[in-house]
1. Suppose we take every Cα in region 58-117 and form the convex hull; what volume per residue is that in Å³?
2. Find the relative contact order for region 58-117 and round it to a whole percent, using C-alpha pairs within less than 8 Å whose residues are 6+ positions apart.
3. Based on other C-beta atoms within 10 Å, arrange LEU96, LEU131 from fewest to most.
4. What list of ³J(HN,Hα) couplings, whole Hz, do you get for region 9-15 from phi and the Karplus terms 6.51, -1.76, 1.60, once you set θ to phi - 60° and write x for glycine and proline?
Amino acid sequence: MPNWCSNDMEIIFPTKKEKKRFIKESTREEKLEFDTTWHKKGHRLKGFSFDALIPMPKQLEGIHHGMTTINGKEYSHWREVTGDDGEVKEIPITNLMLEQIRRRHGYTFSNYWKINNWGTKWDVFYDDVVLNDHGDIGIQVSFETAWSPPEGIFNYIYENFDCDIEVEFDEPGVGFKGNYYNGEMNIIDYTHKDWKQLELELGD
């Protein structure tokens, strides 16, 4: 399991129209393919999503990375397909197929693509996102990410919407916190620092 990084993001737009555009373009709806703690299979979820803003290539979906043996031959990448009988079958991905995927997308494994493009290996889960209006032209979004803040998402929002974006993030497991404001990321390692000095450096 990863360490979790908490992110509190505030975005201010010049108009209600631009705020509405952001909400529309950052929202994804999907149908659950499995039971969760809160919802049954088939339930439709809708909410803030990294994949809505920067979609991961479909060709990378469902690729497993590691080592497996299929029909007596070892493969480093494969897909798993569930048949009508419920049995899971492994489908190998050949070296030629991997090279084609790498040339097209730069990566052969979804987590590597996500880390490079989003800044973290997993999307946020809708039930864990807290989203609130901040006046008519503002919005606040709070969520957790694996290991690090999603800097790629912050940059995308700043570069593709007319807005001011400010984020406070904290990853207590490794021991760093910081802030992001309109394209500038400030990270401070506080593992061995005095908390009072940290507060002064961050301006809290």
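1. Numbers: hull volume 5.4 nm³, N = 60.
Residue-normalised Cα hull volume stands at 91 Å³.
2. Values: 70 pairs, mean separation 17.1, N = 60.
Relative contact order for region 58-117 comes out at 29 percent.
3. Numbers: LEU96 8, LEU131 16.
By the 10 Å Cβ count, ascending, the order reads LEU96, LEU131.
4. Residue by residue, region 9-15 yields 10, 10, 10, 10, 10, x, 9 Hz.
We did not get these values from a lab; they are worked out from the coordinates using the rules stated. Computed from a prediction, not measured in an experiment: that's the story for all the values here. Every residue, glycine as well, gets a Cβ built from its backbone with ideal geometry; the counts of neighbours run over all protein chains shown.
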